[in-house]
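**Q** Got a structure for you, written out below as structure tokens; questions coming shortly.
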Amino acid sequence: MATGTESGTDSDTEPGTGPGTGPKAGPGPKAGPGTGRGVGHPSRAAIPARHLRTDRWWLAPAVTAAGLLAFIVYSTWRAFANADYYAAPYVSPFYSPCLAENCAPMRSGPNWEILGSWWGLSPALLILISPLGFRLTCYYYRKAYYRGFWASPPACAVAEPHASYSGETRFPLVMQNMHRYFFYAAVPVAGILTYDTVLSFRDEHYAWGHMGLGSLIFLVNIALIWAYTLSCHSCRHIIGGRLRHFSRHPVRYRLWGWAGKLNARHMQLAWASLISVAVADFYVYLVASGAFDDPRFF
């Protein structure tokens with residue numbers, strides 16, 4: 001969803017084509033207008049061969065695809081495991097808040113049990129919808145997995161392998177326009193994880209005024225999650241995207257400027273928060289499974 005306020009220096013360029021855009025073309029486009037397929041198609045801008053990249057352009061999308069695939073495998077395992085996600089006072093961010101009755105008892109924790117007892121699967125599958133949808137529709141992640149998994153486009157100044165271009169006008173990619181609404185859903189989830197971070201400053205007997213290694217991990221994780229969430233293009237647009245005169249709205253202008261500074265680091269924050277949430281979950285798994293004792297600082 002275009003926000004109308006994207007920074008010209010932002011690395012989150014608009015995504016290209018999606019899957020199912022046609023059969024792959026030959027080895028490369030022919031130079032000159034109106035020839036070949038992909039970038040050589042008459043409907044596309046002609047790029048002479050001398051302007052195409054010859055370096056190891058494939059390395060960045062390959063590393064991106066490997067990183068995303070590793071997170072997908074890990075998060076899928078943990079989401080369906082339905083075990084070892086709570087060790088007082090820590091609750092895995094994959095399982096918070098818990099919306100079903102089949103959750104581990106968490107004293108003063110996010111046990112809401114809104115759905116009752118009919119839900120028999122892992123409770124993580126309920127709550128992960130919001131953060132997963134938010135990241136899947138994120139401008140940066142769209143660029144990342146379009147290039148990494150679909151080569152659409154492979155990279156800047158690289159021959160387009162697809163025969164046609166449809167953008168995000170067809171199902172399911174048209175659903176990417178729901179990014180703003182996933183942002184609305186991601187904000188309260190970040191708020192709940194903030195509450196979980198506050199609860200982490202207790203000991204295993206729920207006494208306040210204590211701090212362990214897990215408390216530090218949770219603190220770093222929530223800081224990165226908020227930084228990533230607030231660096232979102234939709235957040236920046238909501239703050240100041242429709243203002244005609246910034247001089248009449250100095251507070252919103254200041255907030256818009258801060259959001260813009262975060263937005264310039266959107267890619268880095270996307271990866272840092274993705275890694276931190278996996279580390280926080282894995283730490284809880286180690287403590288809950290008995291493989292590791294949480295070191296207490298005080």
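The values are calculated or read from the model by the stated rules, or taken from the named source; none is laboratory data. Nothing here was measured: the structure is a model prediction, and the numbers come from that model. Glycine also receives a Cβ, built like all others from the backbone with ideal geometry; neighbour counts cover every protein chain displayed. The protein model used for the area step is the full one, side chains on, heavy atoms only, and it has no ligands, DNA or RNA in it. Shrake-Rupley method; radii C 1.70, N 1.55, O 1.52, S 1.80 Å.
**Q** Does the range 120-171 come out rounded, prolate or oblate by the C-alpha gyration tensor, with a ≥ b ≥ c the root eigenvalues, rounded set by a/c under 1.5 and, if not, prolate when a/b is larger than b/c and oblate if not?
**A** Taking the square roots of the gyration eigenvalues as a ≥ b ≥ c, the range 120-171 is prolate.
**Q** For the range 219-232, in order, what is each residue's ³J(HN,Hα) by Karplus, 6.51 cos²θ - 1.76 cosθ + 1.60 with θ = phi - 60°, in whole Hz (x at glycine and Pro)?
**A** 5, 5, 4, 5, 5, 6, 5, 5, 4, 5, 4, 6, 7, 4
**Q** Would you please put 153-159, 227-233, 90-96 in order of how densely packed they are, using the mean number of other Cβ atoms within 10 angstrom per residue and starting with the highest?
**A** Highest-to-lowest ranking by the protection proxy: 90-96, 227-233, 153-159.
**Q** If you average the alpha carbon positions of the range 56-130 and of the range 235-251, how far apart do those two centres end up, in angstrom?
**A** 36
**Q** Need one value: the accessible area of Thr54 in square angstrom, 1.4 angstrom probe, rounded to the nearest 10.
**A** 140
**Q** If you add up the charges near Gly212, with Lys and Arg at +1 and Asp and Glu at -1, over every other residue whose beta carbon is less than 10 angstrom from its beta carbon, what do you get?
**A** Summing Lys and Arg as +1 and Asp and Glu as -1 gives -2.
**Q** Whole-Hz ³J(HN,Hα) for each residue in the range 261-278, computed from phi via Karplus 6.51 cos²θ - 1.76 cosθ + 1.60 with θ = phi - 60°, x for glycine and proline: what do you get?
**A** Each residue's phi maps through the Karplus curve to give 5, 5, 4, 5, 10, 4, 5, 4, 5, 4, 6, 4, 6, 5, 5, 5, 5, 5 Hz.
**Q** Next up: What share of Cα pairs, in percent, lie more than 18 angstrom apart in the range 89-157?
**A** The proportion of pairs with Cα distances above 18 Å equals 52 percent.
**Q** In whole Hz, with x marking every Gly and Pro, tabulate ³J(HN,Hα) for the range 244-253 from phi via Karplus 6.51 cos²θ - 1.76 cosθ + 1.60, θ = phi - 60°.
**A** Coupling constants for the range 244-253: 8, 10, 5, 5, 8, 9, x, 5, 5, 5 Hz.
**Q** Okay, moving on. Using 7 Å Cα-to-Cβ label points, what is the Arg53/Ser164 separation (nm, one decimal)?
**A** 2.8
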